[in-house]
Every structure is written in C-alpha cells, then in structure tokens.
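Participant: If you scroll down you'll find the structure; I have some questions about it.
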Amino acid sequence: MLRRVISGSVRPAIQSRASLVLLGSRSYASSTVVVAAASTSPFAPLDSFTRRHIGSSDKDLGEMLNTVGATSLDGLVSATVPPAIYRSSLLNLGPEKAESTSLSELKAIASQNKVLKSFIGQGFYGTITPPVVLRNVIENPAWYTSYTPYQAEIAQGRLESLLNFQQMVQDLTGFDCANASLLDEATACAEALSFTHRVVAANIFSGEADAAEVNAGKNTFIVSADCHPQDIAVVKTRAYPLGITVKVVQTVEEIAVLLNGKDALKSVFGVMLQYPTTDGRVLSVEKLQNVAAAAKKAGAMTVAVTDLLALTMVRPPAEWGADVAIGSSQRFGVPMNYGGPLAAFFATSEKFKRQAPGRIIGVSKDSRGRPALRMALQTREQHIRREKATSNICTAQALLANVAAMYAVYHGAEGLTAIANRAHGMAETLRQGLVDLGLLNGAQLQEVFDTFVVANLTSAEAAAVHSRSVSLGFNLRNVNATSIGVSVDETTTREDLVKVLAAFVGDLPSWKTSTVEKVPAAQWEKELAARLKAPKAESVLEHLYERAQSAGRLSFSKDTKRTSAFLTHPVFQSYHTEHEMLRYLHRLQARDISLANSMIALGSCTMKLNATVELIPVTWPEFANMHPYAPVDQAAGYERLFADLRTWLSEITGFPGLSLQPISGSSGEYAGLMVIRKYLEAKGEIPKRNICLIPVSAHGTNPASAVLVGFDVMTVACDKDGNVDLADLEAKLAQHGENVACVMVTYPSTHGIYEEGIRQITAAVHKVGAQVYMDGANMNAQVGLTRPADIGADVCHLNLHKTFAIPHGGGGPPAAPIGVAAHLVPYMPGNPLDVEANSTNVLGAVSGTRVAVPAILPISWTYINLMGASGLRKATSVAILNANYMAKRLEKHYPVLYRGKNGFAAHEFILDLRPIKAVTGIEAEDIAKRLMDYGFHAPTMSFPVSGTLMIEPTESESRAELDRFCDVMIQIRAEIAEIEAGRMDRKNNPLKNAPHTAADLSDSNWNRPYSRETAAFPLPYLRNSKFWPSVNRVDNLHGDRAFTCSCWGVPLTEYNNLKKVA
C-alpha cells in the first residue's frame, strides 16, 4: 500500500452547519461560516452576496495569509502588484448589494423591454424550448459550469451531445463532416470566406497541378444580395484587411454569368448564397445547380447559408452542389435572446476536415478498446498552430449547441418535419389571404418556406401597416420604405395570423375603436371573413389554407422537395417522451465533471463561481424572447443594461470607449486589433506598419488574430524568470519600430506573474508610435487593484466568461467586450444593419448584431452590482491569496516555476513536472489523468510551458477545497515517489493506467501490481463521494488516424449498451 502523505497542520473543525468530510488524516469542514454579514443597521438585508461568492471565511483567510507570510490581504497584494501600477483606492462602483435587492433592480430594468411577438425573421425566429431541456440543460449547473472537453475521459456526456449536434447538421445539410458549432451565423459566414480562400489557395479544392499558381492568387468572393444584410456586413469586415474583394451581386442568374466569364477562373475563389433567401424565396434547384457547377468550373467553392428547419422540407445543399453549408441552429430550441448567444454550424466534405474552423468531435477508442469520444484534429487549432491555425477561434457555443441537439433528439425527424410543415402552411395561409386582399399577385408567387415579402406599397402604406402591427402586439420586418417582410415560426398561433392579416387592412371596422389592442382575434376574423367572403366567419383561416392547398403551394415542387432521409440514427428515435429524455440527459450529465462536482483549477481560464442568482435572469422572457432587430424603443431595458455595463467596465478598465459587440475572446482580439489597424490607417501608416510583436508565452489566439487583420507576427522572447525579455523587445523596436503596428501583452503574464517592467514595455512601444493591445485573459488579477489603461494599454478585451462570472458552458457561450483609449473611440465596431450610417473610419461589424450576446450580459451585470467596489477588490485579492496558498503548500513536492519580485505569484502559478518526467517517465498528462481518479479536472496542461501544470483556483473556492486538491497532488507525488524508489513499475502503475473506471474494478482478471483500492479509492473521502470516469484513457492518435465525426462511428451494439446504462 502507498503511504498517504499529507502535509500541513490539522485545521480545527468549524462549529457551523457545515458537513464534515474525511480526507486521509485531515478533517475538513466547509470554510464559510454561515452567519449574517456585519451591519450597523438591524434592518439591513441578510442575503449579502460577497460572503457567498468568496469561498473562505475571514478566519480561514487569516490562517492562509499566515501560511504565505503576509499579515493582511492588502499587505499581500501591495507586495505582489508592482507599486507603479498599484491602485490603493476603491473603484467608483458603489456598495455591495443584497441578492434580493439586485434581482429586484434587474427585474425592474427587464420590465422596460416591450416584448412583442416577432414576425421579423432575418435569421432569428421564435421557438419553443422543451421544458425538459430548459430545466435540465440551460438551467442546470452540471451542464453550464463544465469546461471545454479537452479532458475527454471526464467529458463523455457533453461530447456525445455535441456529436449528436454534428450528426444533426450532417443529416440536414447532406454533408459528411460538421463541426461542433461556431459563434453566430454572421461570423460563420466570415469563417466560410476564410475557409474557401484557404482551401482554394492551397490548391486542395481543384487538386489540379497546373491550376496551383492561379488559385494561390485568387482574391474575389462573390456574395448574393439575397443573403441577410448582417451576414454581408461581417463578411466585408473580414475580407477588408486580407485584401479580398467582396462582390455583391443581385441575382443568381447574374452570379452564374459572372462565374462563366473569362475573368472568374483567375480571380474568384468562392460564392455565397442564402437558401432560402433573406426575403424567403426557395430558389429553384436548377438555378442553384447552375451556380454551383459554374463555380466549380471556375475553381471556386459554393457556400450555402441555410436554415435547418427548412432543410426538413427542401433539398439539402450538398445535393445541389454546394461545398459548404453554414447557418444558425437558433430556431432549434434556443430563444432569440435579442441576438445571442446561439450556436452556428459549419458543414462540408470530410476531405476538407483539416481546413475547417472550430472544434470537431470525433470517435476514437480507449485503452480497453471501447469507443470513446474526443475533440479531433486539435493540431489545427490556434493554441497549437498559432499564426498558422485554420482560425483564431478558441471557443464555440457548446451549451447552445447542446440545446439544439437535444431539441432534435426530443422531436426526431417526424417532429421536426411537423413543425416545419406547420410553419410553411401558416406562411402560405397568410400569403393566400394577402393575395385575396389584392396585396400580392398570386400569379407571380415563388416558392417560399416560412417567409415572404409584401412589396410595392407606398411608404405611407407601409408605415401604417407597421404602426397597426405594433398596436396589435407584434413586429413585422422593415425591409425598406415600401416593402414589409413576414416570417412565421413554431410559436405562431392562429390568433397571430388573424392579427397579421388585420394589420394589412386598415379600413376594418375595429380600427375605428380607441382600444384596438383589446379587440379579440375572433372579432378580427369575423371582419376579415366579410372582406374575403369566406363561407364561415370563424373559419376564415381554414378557407385560406384550403385555397393555398388548391393552388399547390402547400407542397414543394418535385425538384425542390426533399426526398432523402435524415435523423435516422437511434439517438434521434429513442427519447421522445419526457421520462426517456430526462433520463438520457442525466445519464450524459453523470459522465462529466463540472463545478457542481469539484474545483476546476484551470490556469488562465478562471473557473469561478457562476452563482444561481446571476443565472436566474437569463431565461426571463423579457430578456430571452426579444428579436435583435426589434425597434430600439422597445428595448429600453436592454439599453439600460448595456449602458450600465459600459459605465462599469469603463471604470474597471480605465477606458472611455467600450464596445459590447465582440462575441468571444478571439472575436475581441480581432476587433481590438482591427480598431488599431483602422486608427493607423487613418493616420496613413498602413500598410507601412504591419508587424505585431507577441511574446512567445502568449495565448495562441494572439498570433492567429493578428494574421486575420493582416499583420505579420514577430515573436518576443521571455527571460528565465518568465518576464518579457526587455532587451529583445527593445532590440526589435529599434530595428523595426517604424513598421510595428502593435504589441500584444497579457497581464499578469501567462506565466502567472505581475511583470515589474510592464510600464517600461508600454512606454517603449508608444515611443515608436505603435499601440499596446492587452489580452484580458488574466483580468481576474487586475479588477480593483490596477487597470489596463493605467498600465499603458490602448485596447483590452474582457472575457466576461472568466472574470465576470458568465459560465463556460462546456465550451461556450463566451462574451468579450473591448475597451479602448480615447484616440481609438472613433474606430470601434459599427452597426451591422446600418452600414451607410457608419463613418469611413469605423471598423465595420464583427458580429451579426449591435451587441453580440445580450441575454448573458445580465450575469455580469448582476455580478458587478452584487459585489460592488469593495467586493470586487476583495475577490481579486483572495484570488491572489488562494494561488499563493496552494503554491506554498505544494512547493515542497513540486517546483513552482515562476514567482514575482517579492516571491509571490499572481492569481495562478505553474508547477514544473519536467524533473519528474526525467527520472520516472511520468508526464503532465499522466498526472492529469490520475487526478480524474480523485474526482478532479486537471489544471491547464503544458501551457504556457511544456511539461507543466498551471493552476488557477479563483476566489470562489473554499480553503477546504483548496486543501483537498493540494492533498491529492501531494498524494500523487507520493505515488510517483514509489516509482522513483523502484517499488512501482515505470509503465504499469496507477498514473500510467489512469483513469480507472468501474469496469476496471469489476474485472475479475485484475492483474495490476497495485490494489483496486489504490486504483479507485486512494484517499478515504472518495468512499463518500466518487466520480467514475466512463471510459479509460482515450487514444488520441487513433482518433485522428481513423477519423470519424458521426454518431455512426460508434457501433450500434456499443450505443445500445451505453443507452441501457443508468
């Protein structure tokens, strides 16, 4: 038996309502004593938040400070943060709030939103989230607090769900490869532009040797004017710095002519079509095939921006010749959320898999030979390939992709088809009514799915229709001054259809009443029946439906109609009752580790508490059910929320300019760098300034983002203490200063230290006329103690999904506003729907809505409002203390790689495992997998230094949890010592064989040189609460060599066995 080595003194038990857990020889109690916050008033609320958010009691904090050799929190942080940038005064953010008070304040703000029924469409639609999915996924911390599934063995549940998402997209689009989501449809269009350019330029698409030189020089991307305007706007932004020409063409016939022209072969690399179009038309397959064939002949790729629900009824893009299908899965159970978050998708042929953006879930096998899932082809991602990556994307929309996948699982092919047929029938019923009213020409109607446009109105008529629709409680799309769009969806009711028709007929008798909003639908239907001469007043809609059916408009033409099967895998046929669905969700949930299980100490990821009080408002209908293009005067609540966040984040960062449009950390980097580029361009310094200096320790997104904005990446060395090598930086600035556009820095550094020379760095950069971009990944170590602007940064993005409490969601949703200095304010992102109003200096749109992910911003609003200035400062201070406390406890067992000037780390620290590997062969991965046996997710592995673990505990973890993790790491070190001493085999030991599953322990053929207890219960606390990995160590090489990203990659026998496991 291994000796249980536990260091440190035994803490006295806290007399509270906390439960005791035995861990080795140590008794632990929850470190937060449940008492009311101190107050001078006997009437003060008792539900204060800061004491709930910060994991340790003041008593524990005092003992921890003693351990690290500090006398107070202020003393610790003043010795850790360089004096030149240290802020001793509180931010101007107001006091801490009670939970009930904050919720009441936010509810009052939310009530200012006027949530009207939406018929706007344009890529966003009403949907009904199945309650079983709403409660057990969206509102379930086991799903929303998990991390991106890099540690596959403890993420099999959400990996299966994301594989379902991929299968759903593959089936509906007709392709054999899909990714596990992108950020939104508009940015997916931008990714499609980059993807097609990359594939064609590398001569992968044509494959003809004599075309290689021509393909490498192509720089024109054709976009149909029938695409959604927000998609076109974001594509133009992406193309601009890359020197790509975007040519918007009015009709598919004109596109075909261009592609057949003599210049296309030399210049065009891609074409993007909307299917169905933004005005709802389902273009004939013949026309689409003509475009796709002409594109292929010209050596260009065809991209279809499509609607998954429509694809249940119309031919999938792959069948008419498209090479890529992209779009949004929002209408599959994800609320409109005023624009986000939502999950986009990207599908293509498997032969292009290594060039595809975003994460792809693949099927591999574990060490026992059983099927196991993992993220495939990770070597193409930004964190490995850096400036050569396929994309700068470092996250996706996993939580929302899971919702969309479960929507498809719950409804199946039959259910989705029924929803689509109902929407299509309602659209045609409305169209027939407008034909009979003389507002549409029945002879000129083209095939549509759920959307159509009423054109050729006068501007006065159109304005009157909009006014009447608002008075009846709904919005129509304002296509232009004389055209109105109408989109129906899953939530549309019979009463809605009656009111829409009534809005188009201004002389109905009830319009003369003073309270038209109170007129019942039955009365409107009666009046419409008289006007339309329907046989029965109460059945006017049935009358119109039958007329549309008689005209042949309720079914699509033979060439357009879908005939291929979809969603035939058993997963989409097995869970159509709530009991079965509920149990399936919980089976998947049980395979994953989240913050609901234990601390996730991922360095540079800030897996802090995502408090329930912060998450409650996300699904309030006032926030969730608003269409992003509803009139702004209906969104006063959201506008107040945005204004508050801009004010607060500006105070926190010191920047006067704040844009909420970037949708993720990578998007924030891209937007911030584009702001710098636009500023330099306005000064006439582009293309002269084209170099972006980046430390070698930087996140991989930094160089990947720099390339996207047209900069050349030049790396800067780090010294032996983990700091940016000032001599190397100054040498490069001296040599290339007039060509340097910017320097990207992370602060504190990715090495977990506050660099003393940061002001020297920013001053040197500014001296040569360049700008400083600060990566906000480590902002959790700045809030309240220092500010990016005070340090000398010009731009900084803020990961709200790290520092400001938005959960990671298993790989999204993210949110990353950018703050900019005053001289950069004129160059911030513009409105995607009002391009003409943007000045020539404005960056352009970087996502499809003015604010990218409005529905999760209440989380950060609530966090800041609850914590107040003092709470935020204390949170940052405790984050620093927690990291240093753990480093102190572990330093006798593992070398701590970097520390600051006074011997302290920042909010994270790095354990150097390379000496262990040199002696025993045990690697960082082995320790990461062994941690699973103890019920922990591994810290960040081999970043920023190979062969290390980077640990970030955050302020939210209790001393009990910190100690438990430290004790586990110390116990693992004792296991390694057994290998060092020769008492344990170098290849057959608990670390190399980790993780251990229940199948391992129940195997009658146990032939390992250690006991079952050592394998699965190495410390006593595990007998009280044990997480069992559902698979053994996953074979990464096999997963890439035998690549498959489909549910069908798992043998049905194995799937059925897994299905039966509770």
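The values are calculated or read from the model by the stated rules, or taken from the named source; none is laboratory data. Note that the structure is a prediction, hence the values are computed from the model and not measured. Cβ placement follows ideal geometry from the backbone for every residue including glycine, while neighbour counts extend to all protein chains displayed. With ligands, DNA and RNA removed, areas are computed over all heavy atoms of the protein, side chains included. Shrake-Rupley method; radii C 1.70, N 1.55, O 1.52, S 1.80 Å.
Participant: Can you tell me which residue is modelled with the lowest pLDDT among those in segment 353-368 that are of a type in the set (A, V, I, L, M) and under 14 Å from E191 (Cβ atoms)?
Facilitator: The residue in question is A356.
Participant: Is there a residue in segment 324-335 that is touching a strand residue (DSSP E or B) at 6+ places or on another chain (Cβ under 8 Å) and surrounded by fewer than 24 Cβ atoms within 10 Å (Cβ to Cβ)?
Facilitator: No, every residue in segment 324-335 fails to be touching a strand residue (DSSP E or B) at 6+ places or on another chain (Cβ under 8 Å) and surrounded by fewer than 24 Cβ atoms within 10 Å (Cβ to Cβ).
Participant: For T429, which of the numbered conditions (1) of a type in the set (S, T, Y); (2) open to solvent by less than 20 Å² (accessible area, probe 1.4 Å); (3) in contact with a Gly (Cβ under 9 Å, 6 or more places away or on another chain) fails to hold?
Facilitator: Checking T429 against (1) of a type in the set (S, T, Y); (2) open to solvent by less than 20 Å² (accessible area, probe 1.4 Å); (3) in contact with a Gly (Cβ under 9 Å, 6 or more places away or on another chain), the one that fails is (3).
Participant: Here's another thing I want to ask about it. Give segment 391-415 a look and list any residue that's in contact with a Phe, Trp or Tyr (Cβ under 8 Å, 6 or more places away or on another chain) and part of a helix (DSSP H, G or I), or say none.
Facilitator: L399, A401, N402, V403, A404, A405, Y407, A408, V409, Y410, G412, A413
Participant: Just to be sure I understand the filter: pairs with C-beta atoms under 6 Å, separated by 6 or more residues or on different chains, first member in segment 276-291 and polar (S, T, N, Q), second member part of a loop (DSSP other than H, G, I, E, B) and buried (at least 20 other Cβ atoms within 10 Å of the Cβ). Which pairs pass?
Facilitator: T277/D226; T278/D226; T278/H228
Participant: Quick check, is M779 under 23 Å from the mean Cα position of the chain (by Cα) and either part of a helix (DSSP H, G or I) or on the phi > 0 side of the Ramachandran plot (or both)?
Facilitator: yes
Participant: Give me a count of the residues in segment 547-579 that are open to solvent by less than 40 Å² (accessible area, probe 1.4 Å) and at positive phi.
Facilitator: 1
The rows are residues; the columns are (1) basic (K, R); (2) more than 22 Å from E319 (Cα to Cα); (3) at pLDDT 95 or above; (4) open to solvent by 10 Å² or more (accessible area, probe 1.4 Å).
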residue	(1), (2), (3), (4)
L159	no, yes, yes, no
V169	no, no, yes, no
D176	no, no, yes, yes
A202	no, yes, no, yes
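Participant: Given the options A999, A928, name the one that is under 32 Å from the mean Cα position of the chain (by Cα), under 28 Å from A372 (Cα atoms), outside any loop (DSSP other than H, G, I, E, B) and touching a residue at least 40 places away in the same chain (Cβ under 8 Å).
Facilitator: When all the criteria are applied, what remains is A928.
Participant: Name the single residue that is modelled with the lowest pLDDT among those in segment 369-388 being more than 22 Å from A178 (Cβ to Cβ) and part of a helix (DSSP H, G or I).
Facilitator: Filtering first and then ranking leaves E387.
Participant: Given F119, F124, F49, which one is more than 25 Å from the chain's Cα centre (by Cα), within 23 Å of F642 (Cβ to Cβ) and open to solvent by less than 30 Å² (accessible area, probe 1.4 Å)?
Facilitator: F49
This table checks each residue for (1) more than 30 Å from I120 (Cβ to Cβ); (2) in a loop (DSSP other than H, G, I, E, B); (3) not basic (K, R).
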position	(1), (2), (3)
M626	no, yes, yes
Y629	no, yes, yes
L641	no, no, yes
L645	no, no, yes
E651	yes, no, yes
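Participant: Report whether or not N392 is modelled with pLDDT of 95 or more and buried (at least 21 other Cβ atoms within 10 Å of the Cβ).
Facilitator: no
Participant: Another question, if that's okay. Any idea which of L544, L582, L508 is in contact (Cβ under 8 Å) with a residue 24 or more places away in the chain, buried (at least 19 other Cβ atoms within 10 Å of the Cβ) and either touching a Leu at 6+ places or on another chain (Cβ under 7 Å) or of a type in the set (A, V, I, L, M) (or both)?
Facilitator: L544
Participant: In addition: So which residues in segment 227-255 are free of Cβ contacts under 8 Å to residues at least 60 places away in the same chain, open to solvent by less than 20 Å² (accessible area, probe 1.4 Å) and of a type outside the set (V, I, T)?
Facilitator: A239, the sole residue that qualifies.
Participant: Against the conditions (1) in contact with a Pro (Cβ under 9 Å, 6 or more places away or on another chain); (2) modelled with pLDDT under 95, where does Q971 fall short? Just the number, please.
Facilitator: (2)
Participant: If you take the residues of segment 178-200 that are hydroxyl-bearing (S, T, Y) and closer than 19 Å to P813 by Cα, which of them is most open to solvent (accessible area, probe 1.4 Å)?
Facilitator: Ranking the candidates gives T187 first.
Participant: Next question. With the requirement that a residue be crowded, with 24+ Cβ neighbours inside 10 Å and in a loop (DSSP other than H, G, I, E, B), what does segment 806-827 give you?
Facilitator: I806, P807, H808, G809, G810, G811, G812, P813, P814, A815, A816, P817
Participant: Something else: Mind checking whether some residue in segment 90-107 is open to solvent by less than 30 Å² (accessible area, probe 1.4 Å) and closer than 30 Å to I484 by Cβ?
Facilitator: No, that holds for no residue.
Participant: Still on this model: What tally of residues in segment 942-998 results from selecting those that are on the phi > 0 side of the Ramachandran plot and surrounded by fewer than 22 Cβ atoms within 10 Å (Cβ to Cβ)?
Facilitator: Qualifying residue count for the region: 3.
Participant: A follow-up question, please. Do we have K888 as modelled with pLDDT of 95 or more, within 28 Å of K802 (Cα to Cα), open to solvent by less than 20 Å² (accessible area, probe 1.4 Å) and outside any loop (DSSP other than H, G, I, E, B) here?
Facilitator: No.
Participant: In segment 628-658, which residues are closer than 20 Å to Q782 by Cα, open to solvent by less than 10 Å² (accessible area, probe 1.4 Å) and of a type in the set (G, A, S)?
Facilitator: Within segment 628-658, just G657 meets the criteria.
Participant: Looking at (1) free of Cβ contacts under 8 Å to residues at least 60 places away in the same chain; (2) farther than 25 Å from T127 by Cα; (3) surrounded by fewer than 15 Cβ atoms within 10 Å (Cβ to Cβ), find the lone condition where P520 falls short.
Facilitator: Of the numbered conditions (1) free of Cβ contacts under 8 Å to residues at least 60 places away in the same chain; (2) farther than 25 Å from T127 by Cα; (3) surrounded by fewer than 15 Cβ atoms within 10 Å (Cβ to Cβ), the odd one out for P520 is (2).
Participant: Could you look through segment 917-938, keep only residues that are of a type in the set (A, V, I, L, M, F, W, C) and in contact with an Asp or Glu (Cβ under 8 Å, 6 or more places away or on another chain), and pick out the one that is most open to solvent (accessible area, probe 1.4 Å)?
Facilitator: Ranking the candidates gives V919 first.
Participant: Would it be correct to say that N831 is modelled with pLDDT under 95, on the phi < 0 side of the Ramachandran plot and in contact with a Pro (Cβ under 6 Å, 6 or more places away or on another chain)?
Facilitator: no
Participant: For segment 668-775, which fully contained helices (runs of 4 or more DSSP H) count at least 3 residues that are without any contact (Cβ under 8 Å) to a residue 60 or more places away in the chain and open to solvent by 40 Å² or more (accessible area, probe 1.4 Å)?
Facilitator: Fully inside segment 668-775 and qualifying: 726-736, 758-767.
Participant: Going through R531, R562 one at a time, which residue ends up being basic (K, R) and modelled with pLDDT of 95 or more?
Facilitator: R562
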